[in-house]
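Worksheet: the structure to be examined is printed underneath.
The values are calculated or read from the model by the stated rules, or taken from the named source; none is laboratory data. The structure presented is a predicted model; accordingly, all values stated were derived computationally and were not measured. Backbone-built Cβ (ideal geometry, glycine too); neighbour counts: all protein chains shown.
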């Protein structure tokens, strides 16, 4: 699905999107869309399967912070179809990891200031680019055919020094080890997978009509779906121990 087709399905009442950024203009989108009922949605996008480098991270974060500064309370939809972060010498020397963290924190700030953040993963994304865009949103939804990966198995093998065959075997039984849409949904990272052949506007409106969660629910979803059976209990125990220590 192209960005134009995606936007037409999401906003049949119309949208005002522009390309932007100092580099790779066609790979960044900014603007607004209008839901059928007339409600405004701020839209940012990292699209066309392009990597996210320092220039893109700064431009995206600037737009998200501009939304956070507005008092309209309108939600922010982040369209995601990227490669990994740009692994160039220039980007690394300019502190790409810091700038990706800045982008992720910008999304959290927008959320805290009353702009619900929804990531829509419709293509690929991996590693730091995936964490700082799609996973940094309050709610992440996806379309069939999306192919996310926190880290692909060959890269994981290089980092952990474990044989690729060992990781492939573990991935069959443990979704946390495995890339792909189905596995990320089992861990709770992806809240919903929408039907790409049906109009997407009603799905977005229905999601935004529901009250926002008061806390991060991904660990609970992971437990309920069987992808992360112990994460919620461990996190709850750590919070309880920290609270007891603070009041002790």
Exercise. Could you list all residues from the range 162-220 that are under 24 Å from residue 34 (Cα atoms), at pLDDT below 90 and in contact with a helix residue (DSSP H, G or I) (Cβ under 9 Å, 6 or more places away or on another chain)?
Key: 196, 212
Quiz item: Applying the selection to the range 101-132, what residues are crowded, with 21+ Cβ neighbours inside 10 Å, modelled with pLDDT of 95 or more and under 19 Å from residue 55 (Cβ atoms)?
Solution: 103, 106, 107
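Looking at the range 133-152, can you tell me whether even one residue there is part of a helix (DSSP H, G or I) and surrounded by 18 or more Cβ atoms within 10 Å (Cβ to Cβ)? Please lay out each step first, then the result.
Restricting attention to the range 133-152, the residues satisfying the condition of being part of a helix (DSSP H, G or I) are none.
Taking every residue of the range 133-152 in turn, none turns out to be part of a helix (DSSP H, G or I) and surrounded by 18 or more Cβ atoms within 10 Å (Cβ to Cβ).
Can you pull out the residues in the range 214-224 that are surrounded by 15 or more Cβ atoms within 10 Å (Cβ to Cβ) and in a helix (DSSP H, G or I)? Can you show your working first?
Let us first name the residues in the range 214-224 that are surrounded by 15 or more Cβ atoms within 10 Å (Cβ to Cβ), namely 217-223.
Those that are surrounded by 15 or more Cβ atoms within 10 Å (Cβ to Cβ) and in a helix (DSSP H, G or I): 218, 219, 220, 221, 222, 223.
Any idea which of 81, 152, 111 is farther than 26 Å from residue 2 by Cβ and touching a strand residue (DSSP E or B) at 6+ places or on another chain (Cβ under 9 Å)?
On inspection, the qualifying residue turns out to be 111.
Could you pull out the residue among 4, 8, 62, 46 that is in contact (Cβ under 8 Å) with a residue 60 or more places away in the chain and either part of a strand (DSSP E or B) or surrounded by fewer than 21 Cβ atoms within 10 Å (Cβ to Cβ) (or both)? Break it down stepwise before answering.
Working: 4 fails: in contact (Cβ under 8 Å) with a residue 60 or more places away in the chain; 8 fails: in contact (Cβ under 8 Å) with a residue 60 or more places away in the chain; 62 fails: in contact (Cβ under 8 Å) with a residue 60 or more places away in the chain.
The match here is 46.
Checking the condition under 16 Å from the mean Cα position of the chain (by Cα) and farther than 23 Å from residue 200 by Cα, which residue from 61, 46 passes?
Numbers: 46 fails: farther than 23 Å from residue 200 by Cα.
Exactly one residue qualifies, and that residue is 61.
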Quiz item: Within the range 157-170, can one find any residue that is at positive phi and free of Cβ contacts under 8 Å to residues at least 24 places away in the same chain?
Solution: yes
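Could you please find all residues in the range 16-42 being more than 18 Å from residue 117 (Cβ to Cβ) and either touching a strand residue (DSSP E or B) at 6+ places or on another chain (Cβ under 7 Å) or modelled with pLDDT under 85 (or both)? Outline the logic, then answer.
First, pick out the residues of the range 16-42 that are more than 18 Å from residue 117 (Cβ to Cβ): 16, 18-27, 34, 36-38.
Residues satisfying the conditions are 16, 18, 19, 20, 21, 22, 23, 24, 25, 26, 27, 34.
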